[in-house]
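> This structure is in structure tokens; I'll ask about it shortly.
The values are calculated or read from the model by the stated rules, or taken from the named source; none is laboratory data. Just so we're clear, the structure is a prediction, and the values are computed from it rather than from any experiment. When we count neighbours, we look across all protein chains shown, and the Cβ atoms used for this are built from the backbone with ideal geometry, even at glycine.
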Amino acid sequence: MRELSLNVMDIAQNSISAGASLITIRVEEDRPADTLSISVEDNGKGMSPETVQKVIDPFYTTRTTRSVGLGVPLFKMGAEMTGGSFVIDSEKGKGTTLTASFKPSSVDMIPLGDISGTVQLLISCNPDRDFLFTRQRRGEDGTQRDFALDTRELRQVLGDDVPLDSPDVVLWIKEFLEEQTGELLKPSC
């Protein structure tokens with residue numbers, strides 16, 4: 001995959017297939033430490049230790065629409081090629097957390113891509129699920145900025161009559177994520 005955000009999309013789709021009602025996506029960038037960490041956590045059905053080992057094999061998939069599962073193996077390979085790391089923590093009946101850490105200065109670093117667009121698409125295409133998206137960035141000067149979007153909070157504000165996939169809500173989510181990302185990536189004074 002040419003962008004890490006596409007890996008996140010694939011992994012979140014796995015969480016949805018695993019019956020997760022809450023998917024947490026975290027993107028944490030630490031410029032002084034030269035790290036970018038991306039984690040996807042869910043409260044789905046979880047996996048046995050044996051299945052966790054199989055998931056990193058590109059020739060293993062539980063999907064019936066294709067015979068290979070490249071999302072997790074490519075995410076792992078992308079992290080490790082930069083000198084980073086990859087961990088899957090899963091427990092049957094409780095859920096799964098995948099965490100990939102990258103070294104952005106590596107020549108092998110894949111661009112993050114449009115992570116905000118990915119999150120917006122996941123929310124609008126899965127209005128029956130909840131998502132918590134957090135993004136954090138520590139700049140070269142040590143200044144830390146972050147923001148969060150929690151669909152559970154949106155549901156409380158909107159009430160039961162306004163679904164997360166209604167056009168006005170989708171537009172608001174898109175604009176909120178773009179605005180917050182712009183602020184997050186703005187250079188410090």
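> Take Ser124 and tell me if it is surrounded by 19 or more Cβ atoms within 10 Å (Cβ to Cβ) and under 14 Å from Leu177 (Cβ atoms). Steps first, please.
Numbers: surrounded by 19 or more Cβ atoms within 10 Å (Cβ to Cβ): no; under 14 Å from Leu177 (Cβ atoms): yes.
No.
> For residues that are buried (at least 17 other Cβ atoms within 10 Å of the Cβ), modelled with pLDDT of 95 or more and part of a loop (DSSP other than H, G, I, E, B), tally how many sit in the stretch 1-43.
Adding up the residues that qualify gives 2.
> Can you name the residue in the stretch 147-176 that is in contact with a strand residue (DSSP E or B) (Cβ under 6 Å, 6 or more places away or on another chain) and surrounded by fewer than 16 Cβ atoms within 10 Å (Cβ to Cβ) and, of all such residues, is farthest from Ala33 (Cα to Cα)?
Arg152
> Here's another thing I want to ask about it. Being in contact with a Gly (Cβ under 6 Å, 6 or more places away or on another chain) and either surrounded by fewer than 17 Cβ atoms within 10 Å (Cβ to Cβ) or without any contact (Cβ under 8 Å) to a residue 24 or more places away in the chain (or both), is that true of even one residue in the stretch 127-141? Even if it seems obvious, please write down each step before you answer.
Within the stretch 127-141, the subset in contact with a Gly (Cβ under 6 Å, 6 or more places away or on another chain) is none.
Among the residues of the stretch 127-141, not one is in contact with a Gly (Cβ under 6 Å, 6 or more places away or on another chain) and either surrounded by fewer than 17 Cβ atoms within 10 Å (Cβ to Cβ) or without any contact (Cβ under 8 Å) to a residue 24 or more places away in the chain (or both), which makes the answer no.
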